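The values are calculated or read from the model by the stated rules, or taken from the named source; none is laboratory data. Predicted model only: the values in this text are computed from it and were never measured. Note that each Cβ is placed from the backbone with ideal geometry, even for glycine, and that neighbours are counted across all protein chains shown. These accessible areas exclude ligands, DNA and RNA; they are computed on the full protein's heavy atoms, side chains included. Shrake-Rupley method; radii C 1.70, N 1.55, O 1.52, S 1.80 Å.
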Amino acid sequence: MKKLSLPWIIIPTTVALLLPLFLRDQYFLHISVLILIYTGVTVAWNIMSFGGVLSLGHAAFFGIGAYTVSILYVDYGVNPWLGILAAIIFAAVGSLVLAIPLLRLRGPFFTLATLAYVEVLRLLAIWAVPVTNGSVGITTPPTQGLAYISFESRQPYYYIALAFTLAAIAISIWIYRSKLGYHLRAVATDEDAVRALGVRTNRVKLGSLLISAGMTGAFGAFAALYFFVIEPDTQFSATLYSIQPALNGIIGGMGTIAGPIVGAIIMTPLGEWLRVTFSGASQGVNFMIYGAVLIIIVRLMPGGLVEGFRAIARKTRRGGKGRGGKRSADAKTTKEGE
Amino acid sequence: MLEVMNISAYYGDAQALEDVTLSLPAHGVTAFLGPNAAGKSTTLRVVSGLIPAATGTIEFEGRDITGTSPQERVAMGIVHVPEGRRLFNTMTVEDNLILGGYTKRKDRKTAARLDEIYDHFPKLAERRKQEAGLMSGGEQQMCAVGRGMMAGPKVLMIDEMSLGLAPVIVKQMFAIVKGIAATGMSVLLVEQHVKNALEVADFGTIIDGGITRATGTAAELRESDVVRESYLGH
Amino acid sequence: MSPTERGFNRRSFLRYSGAGLLALAAAPALASCASRGTDATTLRLGAMYPVSGTNALLGEESWRGVQIATDLRNAGGGVAGKQIEMVFADVPDVNTAASEARRLVFNKNIKLGFGTYSSSLALAATEVFARTGNAYVELGAVSEAVTTRGYDKVFRLNPTAADMTGLHMDFIQNYLAGALGKPVKDLRVMMLHEDSSYGQSIVSLAKAAADKIGLQHFEAEPYSAKSTDLSSTVLRMKSQEPDIVLAVSYAADAVLLGRQIRDNNVKLGAFVGTGGGHSLASFQKALGDAADGVFDVDFTQIHVNRDFTPGIEDFISEYHKRWNAEPASGHSLSNFTGAQMLFDILETTGGNDDPEVFAAAARKYHREAGTSAAGWGYELDAQNQNQQGSMYVMQWSGSKLETVYPPEAAVRAPKLITPFGL
Amino acid sequence: MDYLLQTMVAGLMLGGVYALVAVGLNLIFGVVKIINFAHGELVMAGMYLTWWLWSAWNMNPYVSLVIVTPVMFLAGIAIQKFILSPMQNSSPTMKIFVTLGLSVFLQNLALWMFGGQFRAVNFPWAEQNLSLLGINVTYGRLTAFIVALALVLALFYLMKRTLVGKVLNALVEDRETAGLIGIPVKKYYLAAMGIGISLAGIAGTLIIPFQAAYPLVGAHFTLLAFVVVVLGGLGNMAGSLLGGLILGIVETLAGTYVDPALQQVAVFVVFIIVLIVRPQGIFGGSARNAEVGLK
């Protein structure tokens, strides 16, 4: 990603914009909206991984966003658009709980702290019945219209989701290429060295946390309006909104721009397809396959799909010359693995 | 006894070694010299098997060992004392030493070897039960060398032994190393201070920029004009 | 150690195949063709139950009842000459429920859906059906919210949380108070409930129901169904010394609760389970004799007055045939009954599942209590809630969960036995 | 007072279970440096295996340890050899996700094989009460607690006194150097995985007399076990025991005196606070966790 090549931006964007014209089936549009939501959350998650940080706490930000918009709308009559704005702010503020662990901990310890945070919020959402309506959840009113982000057709949802996702991607590209992104990537390589150069690494990491959380909150809020019903076990589900985005990112290629997008586009329909195909046949088979596929992909393409395809492309282009490069890449990863 | 022939190696995409050739006799001290980032430590890592050689071969006692694992090489008698000592800090000195003798654990002579180490380094005997991380730099270096010797090496490669040690301790250490070499093993000393090293060493090899520049007896190198100009700073 | 030329080739081959696998997996998702929905010969209905994830156990049990009802009806000629085809969707969580409802409606052209076992799943699924102008029939979820949102094409055939708490209090007032020899106002009653939508739906109504019968000492305590230890809950219970414990549990926690009550030697006057866990055969299996005397308020179970539940034998024998076991809980029977009523309604429309037509027929349909396999009748109220579905009180006796209250459905009278063998 | 005492005892018993699950994880996390998200599912596997031996062969659950232990040891070796070892050079993140995949797979394998039904072993001896000073403990829980203690002591001895233990300790601290001085690292990874996972299996066997098995039972244990390991310090077996007991007591006290619905919240809040205040763990040696903080 040295230079943004224009065709790579224009072509997919155009395709995405025109898609509803060709794809009138509401169910496929629905899947497309799901893909967009997941792409957005994954792209948001990925901003933290620019800095080499693995967060499994994004379900927390997603859930905060969902609950913020729903509670404001249902209990206080706040317009959902304003609610989404509030969701961004609340999710960012909510992420501050993780700020201290983020700055003090490295590697798996931070990851575990983020998982614990999701769990705490889930349990609190179940417990605080007067605010959250507990496990029964909150249902947003059926009033339709652009002002309420509620429509009969999937098309407007699709375009709103697309706008959100494109904005998220734009922000992510902008960050990647900004000084913040440069510092983040440097932190990912060697935090101590970067700090020694006088970069305020704490500020950099905190910035990525806040931006990432705020973006995730926006998608959580949109998803709440899109699904109508929110409930703690789903909205604060580590599996759905922490692990799945991380998985998309990793399968596509963590810390790259295109990786998360590719990952979400592939993994979301895969999950849907497995469920649709195997559910009802025998309990659990679809998730068994999902787990197995996950193991296989991670085992065979540890650099992610984007990297994997690139390697294949390089290999075919260069014929057998890959050997030296391959070997050195191994040496490098060995070192990182320590 | 150990012949390193024309090896190259990479860190990531960066080439760290281009063409290094190194030969060790069956005993005596060989100094392996060169400026910072010349590729000395990398060479050692290739010899001990931590990094694969991209090209070139390594022979030990007439056998090609280029493809063997670090463990096999230790078992054969090629032992690497890494830069920065890398002791197991939370474990006792004695446990560190015992682990050093891991490859020889089955010959039931661990106690005898321990005694031998304690003879060489009486300080370590005093500190046997102390956590290794809590000792002074010099003591830690002794422990690291002792740990290497526990494997019963034929070739002992010590990386940057004098780094961060007081000059008095450095002198002591050099003397001890010379003593060890006299018991019939080959010691490879990696040093930045060319002059100090050439004073204790019997032989020397100088590398720079990942390429072997000069090889000879210590005396030859001390007298060589090139070496004097480029590395001894006269 | 170092990768050889061959190794690298093999690896890249595996990578290709990994990518191919993915492409293979993704392609049919986008290519799968839409179904036509109901046509002249086939009635296609959408069935939504959680058969994976946390609700898998009772979701699966519920779905079994529907399968039996469908097969029996198809064997008998179907509905108005049409064969019934179930388009099934697994809905482990709320977002999936919304998502799958969309798939059924748009991709499968389903006009009439039903399910769902869990209340939050039901809310999500019905929202989609209702907002797209389709009809949905709930057969298992108990939360009041399912039918109180004002959707005119969302129906519920099963009794609700209010029926459960109502029966709790009825049973306390008319039997337990007398059997324990204390007036209702002096009884100490504690409701322990797991904190999923099931437990929370019930507890939200319990307080009011308790007030209604003049129960002054009523406490509610939540706990997490996922907990692996309920010591705290049981210790709190011990300190409160309740006469009656009303427990609302899922599966594993019901066993855990029972065992820990026994372990901590908490002597109770009576223990009344509420649906879910306490009616499962494996609850009795796990506790053995200690389960004797435990009451349970739930959907109809198989040990019930057979005169009151015509058709139950068919259900039981069919269940045996298919799964070689007794029904694990009453959920299969209630969903079986609900599905049968649904088919009967569709019979009156001539197999037409158009939402408007179905809704009109559903509102018109009527059935007396004691004429279905679960003993339920059928009479919708203004909110499309069936008024004639009822809950019963059962009691464990050996390996049988026998219906003991109200008398018309009972196979025997209730007996007061100190629960958990204490 | 009795009430408090009973609460504390209940907490201790629960803590014993946590410690039991955590020691195996500690070994794996410490030595192989893998965040094993499938650990709880392996406890679940132990539970199902014990249940199956009991229901099909009427085997006493405690006797079934002679089968469960080696089977789970082999399972651990297989997981290391076929799944994790080939990924040795991948980033830690990748290893996390491979274990996540394994956990999803095992959960649903259980659902597929046994259905959602919960499977309890009805073993009357384990359910008898030991009553002392008005405090009740069942033999099942007591046995689990005592075995946890014994296993932790045994591991403690192993780690301190034997060569294998010293090697494992060395691997916890610095695996590159361990390899450099001739230790066959891969072999010891296999051993650590084998031991760690057989410990998970043993935990499953000891739990099942009082806790039914169902497909999602393990998920609950995984995160808790990590909390215990982090509290106690990596590679520190005694720390895991203490961490487990503290967690058990915190959970029970919070549940009894605050609100049963919040007992888990208390546990995770304690965890996050400890991570913030003392990331090396309450009893952790300072150097180790910092190093495994994985740069």
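Model label points for B:Lys195 and C:Asn174, set 7 angstrom from Cα along the Cα-to-Cβ axis, are 10.8 nm apart. For segment A:184-269, the equivalent ellipsoid built from the Cα gyration tensor has semi-axes of 30, 17, 10 Å, listed from largest to smallest.
Taking only the Cα atoms of segment A:23-237, the radius of gyration and Dmax are 17.7, 56 Å.
Across all Cα pairs in segment B:2-232, the calculated P(r) in 5 Å bins from zero up to the longest distance comes to 1, 7, 15, 19, 20, 17, 12, 7, 2, 0, 0 percent per bin.
The phi-based Karplus calculation (6.51 cos²θ - 1.76 cosθ + 1.60; θ = phi - 60°) puts the 3J(HN,Hα) values of segment C:382-391 at 4, 9, 6, 9, 5, 8, 9, x, 9, 9 Hz, whole numbers, x for Gly and Pro. The share of Cα pairs per 10 Å bin across the protein assembly as shown, counted from zero up to the longest distance, runs 2, 9, 16, 20, 19, 14, 9, 6, 4, 2, 0, 0 percent.
Please identify every one of the GluC sites (Glu not before Pro) in segment C:340-388 that sits in a loop by DSSP and has no more than 11 other beta carbons within 10 Å of its own beta carbon. Provide the component values of the computation, followed by the final result.
Numbers: sites: C:Glu347, C:Glu356, C:Glu368, C:Glu379; in loops: C:Glu368, C:Glu379.
When the GluC sites (Glu not before Pro) of segment C:340-388 are filtered for loop state and at most 11 Cβ neighbours within 10 Å, C:Glu368 remain.
At a 1.4 Å probe, what is the % contribution of carbon and sulfur to the accessible area of segment A:23-237?
On the way: 4680 of 7040 Å².
The value for segment A:23-237 is 66 percent carbon and sulfur by accessible area.
Note on C:Lys111: lysines with a C-alpha under 21 Å away, same-chain residues under 8 apart excluded, are C:Lys82, C:Lys153, C:Lys364.
Cα convex hull of segment A:226-311: how many Å³ per residue? All intermediate terms of the calculation are to be shown ahead of the outcome.
On the way: hull volume 9.8 nm³, N = 86.
In segment A:226-311, the Cα hull volume divided by residue count equals 113 Å³.
Cα centroids of segment A:1-65 and segment D:161-231: 38 Å apart. Compute the FRET efficiency between B:Asp225 and B:Thr55 as 1/(1 + (r/R0)^6), taking r as their Cβ-Cβ distance and R0 = 30 Å, and round to the nearest 0.05. FRET efficiency, B:Asp225 to B:Thr55: 0.45. Reported value for segment A:1-90: 146 Å³ per residue, from the convex hull of its C-alpha atoms. Residue pairs exceeding 19 angstrom between C-alpha atoms, taken from D:Lys95/D:Lys166; B:Lys129/D:Lys160; B:Lys40/B:Lys195: D:Lys95/D:Lys166.
Backbone phi angles across segment B:30-38, fed through the Karplus curve with coefficients 6.51, -1.76 and 1.60 (θ = phi - 60°), yield HN-Hα couplings of 10, 8, 10, 10, x, x, 3, 6, 7 Hz in residue order; Gly and Pro are listed as x.
In debye, nearest 20, what is the charge dipole magnitude of segment C:87-155 about its Cα centre with +1 on Lys and Arg Cβ and -1 on Asp and Glu Cβ, if you could check? Kindly include the intermediate steps, with their values, before the conclusion.
Values: 7 positive and 7 negative charges, 64 e Å.
Result for segment C:87-155 is approximately 300 debye, rounded to the nearest 20.
Distance between the 7 Å Cα→Cβ label points at C:Lys364 and A:Ile89: 5.6 nm. Compute the Cα gyration tensor for segment D:90-191, then decide on rounded, prolate or oblate, letting a ≥ b ≥ c be the square roots of its eigenvalues: rounded whenever a/c is under 1.5, prolate when a/b is larger than b/c in the other cases, and oblate in all that remain. Because a/c hits 1.5 or more and a/b fails to exceed b/c, segment D:90-191 counts as oblate. Please compute the Cα-Cα pair-distance distribution of chain C with 10 Å bins starting at 0, giving whole percents from short to long. Binned Cα distances yield the sequence 5, 22, 30, 21, 12, 6, 3, 1, 0. The residue among B:His120, B:Thr92, B:Ser69 whose Cα reaches farthest toward the positive pole of the charge dipole of segment B:69-120, with charges on the beta-carbon of Lys, Arg, Asp and Glu, is B:Ser69. Pairwise inverse Cα distances across chain D, averaged and inverted, put the Kirkwood hydrodynamic radius at 19.3 Å.
About the Cα centre, and with charges only on the beta carbon of Lys, Arg (+1) and Asp, Glu (-1), how big is the dipole of the protein assembly as shown? Nearest 20 debye, please. Display every interim value, and only then the final one.
Details: 103 positive and 96 negative charges, 716 e Å.
Dipole of the protein assembly as shown, to the nearest 20 debye: 3440 debye.
Antiparallel versus total DSSP beta bridges in the protein assembly as shown: what percent is that, nearest 5?
Here the antiparallel bridges make up roughly 40 percent for the protein assembly as shown.
Under 14 Å of direct C-alpha separation, and excluding same-chain neighbours fewer than eight residues apart, C:Lys400 reaches these aspartates and glutamates: C:Asp289, C:Asp292, C:Asp296, C:Glu326. Listed by chain and number, the aspartates and glutamates whose C-alpha is less than 18 Å from the C-alpha of B:Lys123, apart from same-chain residues fewer than 8 away, are B:Glu94, B:Asp95, B:Asp115, B:Glu131, B:Glu139. Pairs of C-alpha atoms in segment B:126-234 farther apart than 21 Å represent 42 percent of all such pairs.
For C:Gln387, the residues 5 or more places off, or on other chains, whose built amide H falls under 5 Å of its own are C:Glu379, C:Leu380, C:Asp381.
Given the Cα-Cα distance of C:Glu326 and C:Asp381 and 0.36 nm per residue of separation, how much length would full extension add, in nm? List each step's numbers first, then the result.
Values: separation 55, 0.36 × 55 = 19.80 nm, distance 3.40 nm.
Here the answer is 16.4 nm.
Each part reduced to its alpha carbon centroid, segment D:88-148 and segment C:141-158 end up 39 Å apart. What is the angle, in °, between the Cα long axis of helix A:26-50 and the longest principal axis of the Cα atoms in chain A? Nearest 10 is fine, range 0 to 90. Tilt of helix A:26-50: around 50 degrees. Maximal additional length on extending the A:Ala313-A:Asp190 stretch stands at 41.3 nm, based on 0.36 nm per residue less the C-alpha distance. Amide H to amide H, with H built 1.01 Å from N, C:Val248 comes under 5 Å of C:Leu192, C:His193, C:Glu194, counting only residues 5 or more places away or on other chains. Placing +1 on the Cβ of every Lys and Arg and -1 on the Cβ of every Asp and Glu, with nothing else charged, gives segment C:227-310 a dipole about its Cα centre of roughly 140 debye. Mean residue ellipticity at 222 nm, helices only, the protein assembly as shown: -18000 deg cm²/dmol; runs of at least 4 DSSP H residues each add -39,500 (n - 2.57), and the sum is divided by the number of residues.
Among the DSSP beta bridges whose two residues both lie in segment B:2-232, what percent are antiparallel, rounded to the nearest 5? Please report the intermediate quantities before stating the final value.
Numbers: 21 of 41 bridges.
Within segment B:2-232, antiparallel bridges account for around 50 percent of the total.
Summed over the residues of segment B:106-234 and divided among them, the accessible surface reaches 48 Å² per residue at a probe radius of 1.4 Å.
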